[in-house]
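Peer 1: Input: one structure, supplied below.
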2 protein chains.
Amino acid sequence: MTSSIPDSIAVNGRFYQRPSEPAVVLCIDGCEPDYITQALQAGAMPKLQQMLARGAVTSLVGDAVMPTFTNPNNLSIVTGVPPAVHGIAGNYYLDRASGAEVMMNEPELLRAPTLLAAMSEAGVPVAVITAKDKLRRLLGHGLSSGSICFSAEKADEQQQALAGLSLPDVYSAALSEFVFAAGVALLRAGRARLLYLSTTDYVQHKCAPGTPGANAFYAMLDRYLGELDALGARIALTADHGMNAKTDAAGAPRIAFLQPPLDAALGEGEARVILPITDPYVVHHGALGSFATIYLADPAHAAAAAAVLRAQPGVELVLTQQQAAERFELPPDRIGDLVVVAERLAVLGTAPERHDLAALQDLPLRSHGGLSEQQVPLLFNRRLRDVPQRRLRNFDAFELLLNHVRA
Amino acid sequence: MTSSIPDSIAVNGRFYQRPSEPAVVLCIDGCEPDYITQALQAGAMPKLQQMLARGAVTSLVGDAVMPTFTNPNNLSIVTGVPPAVHGIAGNYYLDRASGAEVMMNEPELLRAPTLLAAMSEAGVPVAVITAKDKLRRLLGHGLSSGSICFSAEKADEQQQALAGLSLPDVYSAALSEFVFAAGVALLRAGRARLLYLSTTDYVQHKCAPGTPGANAFYAMLDRYLGELDALGARIALTADHGMNAKTDAAGAPRIAFLQPPLDAALGEGEARVILPITDPYVVHHGALGSFATIYLADPAHAAAAAAVLRAQPGVELVLTQQQAAERFELPPDRIGDLVVVAERLAVLGTAPERHDLAALQDLPLRSHGGLSEQQVPLLFNRRLRDVPQRRLRNFDAFELLLNHVRA
């Protein structure tokens, strides 16, 4: 590979210095910045507080990619490019040819190599640990044979022994803790030089920033931040998306159901609402997020459909495929004819009978997917130099960590 | 007065039924809906929980007026119209003729009568209680001589005896509690039929939804909601604006200072940044909100200034005077040549040396003023009928409470 920086590695048009010390990027799923602010305020993050007090921290805010869902953002972070380049535009898309709804968990859907794969090919010991297994194959795509890549959800006995934890429940804070514990163990054993640790937002979907459940999660994270820091690792903490309440004051979900008004205006079968948040793990958010894409049988209906959608309470923005592809840097062939974004306190649904809202009876809906969940932390346990004076993105995390740490 | 509804009173083109039972509108300053959701979730609002459980509550969400500041919204709620009609476009404006910065606390600046004044003139016993004194004269403007209108901040001995509380500190939760206690006492004594109670956001500027300080405030509110409900009052709870964190994850304020880049681009003295959040009570937010208006010496510089402003990190939206007047229903003569709105997690400042940021050292900045603080509760202790199928506003509170309660 060619490169403009000595001993650096080029991936997707960007250059990354080979890590001169252990380097860890944490993608804390659903980490609205206020989770950390409030946990610090409550005294629940003493290790981070100490790092801040000694002036060792750089705290920035960057924009996640739209839609603010897990897969597109994790892939942007590990490729350094937006979904227009890497191809993963959601958790899910509609294959127009077959009419089938396709999960975007398969490596063959990925259109760009990851910087993790390139680093591993260049001989850097790389480890990737994810909470849920769905991300494992995408993030691990192209890693050299000596690399480490596994999920907490499907950890084998050897990996459980490494983490010192038994197999956690897929719906638990423990699933994320397993990721951190295993990462610390790999670093301590000298088995990895570049680590990508990606958690799940089980807690963030349930608990608002500063509440006891959230503070307990961030206190747990803080213990591992302290361990990683003590082991001499440079750390970047970012997120795939933020998180907001999606309810009225009494806690009832605010849902704009899009299929019925489209059917009423265009006729049944003319428009198909796809919610790219949908995945096999929907228990904690009822498949309700703040982003939808609409496939039309007849593209000539786009203007009429857009007008119907804009009139729905809770809808913030309706874009054509081309507008959405340009504004959000999305691959046009993996989104529908229209893209719909909900207001901060609202989500989008297909039709009421297609969502299981029972889980929302006890816990008020908190979710993501829209523009209101785009701002996420870019937090480093090092002072940075020459931070680019442009809009920062969560997918700048590796470049900032590898190229911009002050000597 | 003429009216289309029997025994109703017309004000600013809207009709309000004379209250058939005691009616109370609560404007809870800075009441982001999630404050109530999280307090309910924590078990801190048992009275409201009981009302919800017996199906007696209508919970809606409405939009506050822009800018999402105290004065414009309180005046919209009591006049039923946007600032374009009532004239109060902020807490503050620049008088172009004199160059003086004018507080919008003076009744002569009000361009529309309040429905409270009209009700009092029609013989309805009206009471208005505000936390801070700055709102008292505006809200009390035109009330008939028998009406009650006072502030907690400047309550006299008789008013303190009524509330059963001593004079509270202006920076305290007690200032708002005084408002509720006095309102309950007036209702119990049969001295008012229509009440408007308006609090201060001292707690909301400090505490995130669901945190102990916030839950303590809402537990206090809940006790008074229970008392008002037990006294047979119909209640509408709304807010002047929501509230958001305005910091990075480490709690540092995210401020776009607008004066230096304007001076650099246009020359000194060409542009003047006015922050209409500014008022004598700035201790809890350092005069930093998410809305600014720019006065230009030469209006021909508008396009150049707008380009400079759009390039500032943290700026979400820049509108011309005419665009802002149309989109936000603002009086053009009380805003500058440009209007600037900040992103959800950012605020706008003039120049660093003109803000006292010392108060933000201990508590992370939480503030308002932008589009991200526009959604507020519209919560009623009654079932409503025939709720209009249009965008609801906080200034629909009186109409919904007086005209739409189910018999």
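Readers should treat all values here as calculations from the given coordinates under stated rules, not as data from a laboratory. Quantities reported herein were computed from a predicted structural model and do not represent experimental measurements. When we count neighbours, we look across all protein chains shown, and the Cβ atoms used for this are built from the backbone with ideal geometry, even at glycine.
Peer 1: At q = 0.20, 0.22, 0.31 Å⁻¹, what base-10 log of I(q)/I(0) does the Debye formula yield for segment B:339-389 when every alpha carbon is treated as an equal point scatterer in vacuo?
Peer 2: Here log10 of I(q) over I(0) equals -0.86, -0.96, -1.25.
Peer 1: Let me ask something additional. Which whole-number percent is the relative contact order of chain A (Cα, under 8 Å, 6+ apart)?
Peer 2: Relative contact order comes out at 27 percent.
Peer 1: A follow-up question, please. Hand me the trypsin sites (Lys or Arg not before Pro) from segment B:133-167 located in a DSSP loop with no more than 14 other Cβ atoms within 10 Å, in residue order please.
Peer 2: B:Lys154
Peer 1: Next question, about the same structure. Would you give the gap between the C-alpha center of segment B:323-345 and the C-alpha center of segment A:201-233, rounded to a whole Å?
Peer 2: 40 Å
Peer 1: For segment A:212-329, calculate the relative contact order in percent as a whole number, restricting contacts to Cα pairs under 8 Å that are 6 or more residues apart.
Peer 2: Computed over segment A:212-329, the figure is 19 percent.
Peer 1: Further question: Determine the calculated [θ] at 222 nm for chain A from helices alone, applying -39500 (n - 2.57) to every DSSP H run no shorter than 4 residues and normalising by the residue count; nearest 500 deg cm²/dmol.
Peer 2: -8500 deg cm²/dmol
Peer 1: Express the Stokes-Einstein translational diffusion coefficient of segment A:255-367 in µm² s⁻¹, to the nearest whole number, given a Kirkwood radius over alpha-carbon pairs, 25 °C and a viscosity of 0.890 mPa s.
Peer 2: Stokes-Einstein gives a translational diffusion coefficient of 172 µm²/s.
Peer 1: Within 10 Å of each candidate Cβ there may be at most 13 other Cβ atoms; applying that plus a DSSP loop requirement, which chymotrypsin sites (Phe, Trp or Tyr not before Pro) in segment B:143-184 survive?
Peer 2: Sites meeting the loop and neighbour criteria: none at all.
Peer 1: Hey, got a sec? Which GluC sites (Glu not before Pro) in segment A:250-357 land in a DSSP loop and have at most 13 other Cβ atoms within 10 Å?
Peer 2: Answer by residue number: A:Glu268.
Peer 1: Sticking with this structure for a sec: Under 25 Å from the Cα of A:Lys132, which lysines turn up, not counting those fewer than eight places away in the same chain?
Peer 2: A:Lys132 reaches A:Lys154, A:Lys206, A:Lys246.
Peer 1: Here's something else I'd like to know. Mind listing the long-range amide H neighbours of B:Glu343? Cut-off is under 5 Å, sequence gap 5 or more, other chains count too, H placed in the peptide plane at 1.01 Å from N.
Peer 2: Amide H to amide H, under 5 Å and 5 or more residues apart or across chains, B:Glu343 pairs with B:Val315, B:Glu316.
Peer 1: Counting only residues 5 or more places away or on other chains, whose amide H sits under 5 Å from the amide H of A:Cys31 once H atoms are built in the peptide plane?
Peer 2: Close amide H contacts, sequence-distant or interchain: A:Asp240, A:His241.
Peer 1: Calculate one ³J(HN,Hα) per residue across segment B:156-165 by plugging θ = phi - 60° into the Karplus curve 6.51 cos²θ - 1.76 cosθ + 1.60, and present them in order as whole Hz with x for glycine and proline.
Peer 2: 7, 4, 5, 5, 5, 5, 4, 6, x, 9
Peer 1: In addition: Read phi for every residue in segment A:89-96 and hand back ³J(HN,Hα) as whole Hz from Karplus 6.51 cos²θ - 1.76 cosθ + 1.60, θ = phi - 60°, with x for Gly and Pro.
Peer 2: 9, x, 7, 6, 8, 9, 7, 4
Peer 1: I've got another one for you. Report for chain A the percent antiparallel among DSSP-assigned beta bridges with both residues inside it, nearest 5.
Peer 2: Given both bridge residues lie in chain A, the antiparallel proportion sits at roughly 60 percent.
Peer 1: Give me the distance between the Cα centres of segment A:120-171 and segment B:38-88, rounded to whole Å.
Peer 2: 48 Å
Peer 1: Residue by residue through segment B:365-376, which ³J(HN,Hα) values in whole Hz follow from phi under the Karplus form 6.51 cos²θ - 1.76 cosθ + 1.60 (θ = phi - 60°), with glycine and proline marked x?
Peer 2: Running phi through 6.51 cos²θ - 1.76 cosθ + 1.60 with θ = phi - 60° gives 5, 10, 7, 7, x, x, 5, 6, 10, 7, 8, 9 Hz.
Peer 1: For the protein assembly as shown, give me the percentage of DSSP beta bridges that are antiparallel, rounded to the nearest 5 percent.
Peer 2: If we restrict to bridges inside the protein assembly as shown, about 60 percent are antiparallel.
Peer 1: Are there DSSP H segments in chain B that both extend 20 Å or more along their axis (alpha-carbon positions) and score a mean Kyte-Doolittle hydropathy of at least -0.5? List them, or say none.
Peer 2: Helices meeting the criterion: B:173-188, B:212-230.
Peer 1: Please work out the ratio of the alpha-carbon Rg of the protein assembly as shown to 2.2 N^0.38 Å and round it to two decimals.
Peer 2: The reported ratio for this selection is 0.97.
Peer 1: What is the average number of partner chain Cβ atoms found within 10 Å of a Cβ in A:50-62?
Peer 2: Per-residue shielding by partner chains comes out at 2.
Peer 1: Counting Lys and Arg as +1 and Asp and Glu as -1, each charge on the Cβ, what is the dipole of segment A:255-367 about the Cα centre in debye, to the nearest 20?
Peer 2: Rounded to the nearest 20 debye, it is 240 debye.
Peer 1: List the residues, sorted by chain then number, that are 5 or more residues from B:Val11 or on another chain and whose placed amide H is less than 5 Å from its amide H.
Peer 2: B:Tyr16
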